[in-house]
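Worksheet for the structure shown next.
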Amino acid sequence: MSSRRLVDVLRESGLTADASAAEVESVAAHPAVRHASAHVSHRQTLEALLRARAVLYRNEQGGSEAPRVERRRHLPPEEFFERYYLRNRPVIVEGLLEDWPALSRWTPEWLAERFGDEPVEVMAGRESDGDPDFNAERLRRTLPLRELIARMREGRETNDVYLVARNSLLLREAFRPLLADLRAPVGYIHPDIATPDSVHLWFGPAGTLSNLHHDHLNVFFCQVLGRKRFWLAPSWETPWLYNDRGLYSAVDIRAPDLERFPDFARATVHTCEVGPGDALLIPVGWWHAVKALDVSLSVTFVNFDAAARNTHWRDYWVGPRPEEVER
């Protein structure tokens, strides 16, 4: 809104012309307003470039409202890096995990028999929290693995309890034997998967939901048990994803409120389903939401078989937006 229009609005509310002009000048001189004004032109230019990029991408997808993620079988690692990883594009690689003992061995029953008495850290009480992923730290609870599995056997969909990557199960000495049931996909992932934080595990009932967010690095998401549905939106469409807190979006992927979040209608949202043996590349910065369709067990890798191991989104934070972000 222009300064002249602001003066007119204030006059319509009952202020005199001089008082209205003085008020607008006072606000314009405020340090916060001056700082923001200096960046308006740059932001508008950036958003125009991203808008053009988004239109070209949507046209490339054939104009589909919900384009599917490409699926490949026998994808050579060289093509994986050149066509997908380096171009910031997702892809599902089928059959890449066929040599994993975990695919046939990791069932809830086997885990309960082998590790049932071991305490595990989970996120519990998620359904009573309106924003469980954002508030994950205060939802940490410890319970025996057998109890977690018993809750899964109840057979109902629930988002109330979930063992997620940040619980770092595979760093626990008692669970390190599970690494022997995994194989680093040759040419994709660095062979040393025993390195701390190079591989993580997700375990939960049908119905667990991680709402829209993006990660600060590339993730290779490998499905061991059950199926998961993904929604993904390109990294360059961040301005329309209502990213007002850290890595998270305010949009509920299950029922986007387009009156409250009208720009979300511009986003190209891909959908896909991964099942046992599938490996999905989630490129750095790509927005995604994930829902478990069955009791689900997943493994994620972040150390790729490349010189830099990964490419990071370096200007990010987790939690409320800080007063200043170091650049």
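The values are calculated or read from the model by the stated rules, or taken from the named source; none is laboratory data. Owing to the predicted nature of the structure, the values given are computational and were not obtained by experimental measurement. Methodologically, a virtual Cβ is constructed for each residue, glycine included, from the backbone with ideal geometry; neighbour enumeration extends over all protein chains shown. Note: areas computed on protein heavy atoms with side chains; ligands, DNA, RNA excluded. Shrake-Rupley method; radii C 1.70, N 1.55, O 1.52, S 1.80 Å.
Restricting to the chain, compute how many DSSP beta bridges are antiparallel as a %, nearest 5.
Approximately 90 percent, going by the DSSP bridge assignments.
Can you give the FRET efficiency for Asp197 and Arg105, using 1/(1 + (r/R0)^6), R0 = 22 Å, r = Cβ-Cβ distance, to the nearest 0.05?
Here the calculated transfer efficiency is 0.40.
May I ask you to derive the FRET efficiency for His35 and Thr271 from their Cβ-Cβ distance with R0 = 56 Å, giving the value to the nearest 0.05? Please report the intermediate quantities before stating the final value.
On the way: r = 40 Å, r/R0 = 0.71.
The calculated FRET efficiency here is 0.90.
Using bins 5 angstrom wide from zero, how does P(r) for the stretch 76-218 break down, in % of all Cα pairs?
The calculated distribution, bin by bin, is 2, 8, 15, 19, 18, 17, 12, 6, 2, 0.
Taking DSSP loops as anything outside H, G, I, E and B, show the longest stretch in the chain free of GluC sites (Glu not before Pro) there with at most 10 other beta carbons within 10 Å.
155-258
Amide H neighbours of Leu217 under 5 Å, at least 5 residues apart or on other chains, H built in the peptide plane: list them.
Here Gly285, Trp313 satisfy the definition.
What FRET efficiency comes out for Leu49 versus Asp244 if R0 is 22 angstrom and r is the Cβ-Cβ distance? Round to the nearest 0.05.
Efficiency at R0 = 22 Å is approximately 0.50.
Given the options His30, His200, His216, which has the most mean-square fluctuation in a GNM of the chain, springs set between C-alpha atoms less than 10 angstrom apart?
It is His30.
What nm value, rounded to one decimal, do you get for the distance between Ser168 and Val9 when each label is placed 7 Å out toward the C-beta?
4.9
Leaving out ligands, DNA and RNA but keeping every protein chain, what accessible area does Trp202 have, in Å² rounded to the nearest 10, with a 1.4 Å probe?
60
What number results when the radius of gyration of the stretch 196-306, computed over Cα atoms, is divided by 2.2 N^0.38 Å?
1.07
If the only charges are +1 at each Lys and Arg Cβ and -1 at each Asp and Glu Cβ, what is the size of the charge dipole of the chain around the Cα centre, to the nearest 20 debye?
Roughly 420 debye, rounded to the nearest 20.
Which number do you get for Rg(Cα) / (2.2 N^0.38 Å) in the stretch 76-137?
With N residues counted in the stretch 76-137, Rg over 2.2 N^0.38 Å equals 1.76.
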